[in-house]
Amino acid sequence: DILDVPFIASHSNARELRSHTRNLPDNLIRLIANKGGIIGLNFAQNFLGTSPISRIEDIVKHGLYLIDKGGEDVVALGTDFDGIPPDTEIADMSQMSRLYDAFKEAGLSVEQCEKLFWKNADRLLKEIL
């Protein structure tokens, strides 16, 4: 085993959906999940897809894929608001309710949304610290 402790991939998405060197292949998604780590969804357009802007539907697509491959405890938010171009459907934290609503519309429960939005990261940070 190459990983003995929980790992945080703070700004990564699914490589199967978008071939980017910092996006994760399925085997690493499962490994991080199995060790209790988290993967922070990156909102940068080039991590998400081919659209010229960062779209909510692409963020949701990657989030659901990560949940499918690693379970609901592996996904968190990485955003990268301080490092991505301004061409995004979610301009800043004040608009995060739009993403929350999109995940609910995609079928996640309130508990699953809470895990994704804060509980998974909170759990891991408490465990590490």
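The values are calculated or read from the model by the stated rules, or taken from the named source; none is laboratory data. Owing to the predicted nature of the structure, the values given are computational and were not obtained by experimental measurement. Using ideal geometry, Cβ is built from the backbone for each residue, glycine included, and neighbour counts are taken over all protein chains shown. In case anyone asks, the SASA skips ligands and DNA or RNA and just uses the protein heavy atoms, side chains included. Shrake-Rupley method; radii C 1.70, N 1.55, O 1.52, S 1.80 Å.
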- Would you calculate the separation in nanometres between label points at residue 46 and residue 111, each defined as 7 Å from the Cα along the Cα-to-beta-carbon direction? 4.0
- Query: Just the accessible area for residue 60, please: 1.4 Å probe, Å², rounded to the nearest 10?
  - Reply: 10
- Message: Considering only C-alpha atoms, what is the centroid distance from segment 1-46 to segment 51-129, in Å?
- Response: 13
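State the extension gain, in nm to one decimal, for the chain segment bounded by residue 94 and residue 19, taking 0.36 nm per residue of separation less the distance between their alpha-carbons. List each step's numbers first, then the result.
Details: separation 75, 0.36 × 75 = 27.00 nm, distance 2.95 nm.
Net length gain for the segment: 24.0 nm.
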- Message: Along the charge dipole of the chain, pointing to its positive end and built from +1/-1 on Cβ of Lys, Arg, Asp and Glu, which listed residue (121, 20, 43) has its Cα farthest out?
- Response: 20
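Note down the relative contact order for the chain as a percent, whole number, built from C-alpha pairs under 8 angstrom at least six residues apart.
Values: 221 pairs, mean separation 31.5, N = 129.
Normalised by residue count, the contact order of the chain is 24 percent.
Could you compute the FRET efficiency for residue 122 and residue 68, with r as their C-beta to C-beta distance and R0 at 22 Å, rounded to 0.05?
In this case the efficiency is close to 0.45.
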